[in-house]
Amino acid sequence: MTTDNDATIRTDTAVPIDAARYREVLGHFATGVVAITAVDPETRQPAGLAANSFTSVSIDPPLVAFCVAHTSSSWPKVKSAGRYCINVLAEHQEGVSRQFAVSGADKFAGLSWSPSGHGSPILDEAVAWMDARPVNEHIAGDHIIVVSHVDHLELAAADGSPLLFYRGRYGRFTN
């Protein structure tokens, strides 16, 4: 491949990337934080996980995507429900994100929620939420990319600002 200045760029060699350096560099990209929630059909208890790898994919059809680690013990419970709620966390919900990120913990301890039209937990005080269902999964390294169809969505707190994650820390958006 050549560029406009005729400099050759080799694309056939891969340079090993140090994991710490990878996290450091990609940490400079600010992301929002979501909690993906469902009711486990086996136990009838709410289940969920936190993700900051969430993005809009398509408007027509309405598709979003998020990534989950292969090692997640929560994703199989959420996936088995067949549908879930993607809650966009508010700037004051750092504790909720941390709670949903802990493996094996009671993710809903002390939290209030109400069921969506399909029964998935909508977390109180989230900025927005989407009722969705999985349509495709793609294996990508140590994660699974889950593409989801959005069936319903709402702004839950019109004036709320989202929780952000940047350089390994939580933050908020200021004008």
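So is residue 78 crowded, with 21+ Cβ neighbours inside 10 Å and more than 28 Å from residue 174 (Cβ to Cβ) or not? Break it down into steps so the answer makes sense when it comes.
On the way: crowded, with 21+ Cβ neighbours inside 10 Å: yes; more than 28 Å from residue 174 (Cβ to Cβ): yes.
In short, yes.
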- Restricted to segment 51-67, and to residues that are open to solvent by less than 30 Å² (accessible area, probe 1.4 Å) and modelled with pLDDT of 95 or more, which residue is nearest to the chain's Cα centre (by Cα)? 66
- Task: Looking at (1) assigned to a loop (DSSP other than H, G, I, E, B); (2) open to solvent by 80 Å² or more (accessible area, probe 1.4 Å); (3) in contact with a strand residue (DSSP E or B) (Cβ under 9 Å, 6 or more places away or on another chain), find the lone condition where residue 153 falls short.
- Result: (1)
- Item | Boolean, residue 100 is touching a strand residue (DSSP E or B) at 6+ places or on another chain (Cβ under 8 Å), at pLDDT 95 or above, under 15 Å from residue 165 (Cα atoms) and of a type outside the set (Lys, Arg) | yes
- Item | Residue selected from segment 81-117 under the condition crowded, with 18+ Cβ neighbours inside 10 Å and among the β-branched types (Val, Ile, Thr), by the criterion farthest from residue 144 (Cα to Cα) | 96
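Let's see how each residue does on (1) under 17 Å from the mean Cα position of the chain (by Cα); (2) within 21 Å of residue 41 (Cα to Cα); (3) of a type in the set (D, E, K, R):
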| residue | (1), (2), (3) |
| --- | --- |
| 90 | yes, no, no |
| 94 | yes, no, yes |
| 97 | yes, no, no |
| 114 | no, yes, no |
| 124 | no, no, yes |
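The values are calculated or read from the model by the stated rules, or taken from the named source; none is laboratory data. Because the structure is predicted, anything quoted here is derived from the model rather than measured. Cβ coordinates were reconstructed from backbone atoms using ideal geometry, including for glycine residues, and neighbour counts include every protein chain displayed. Keep in mind that these areas ignore ligands, DNA and RNA; they rest on the heavy atoms of the full protein, side chains included. Shrake-Rupley method; radii C 1.70, N 1.55, O 1.52, S 1.80 Å.
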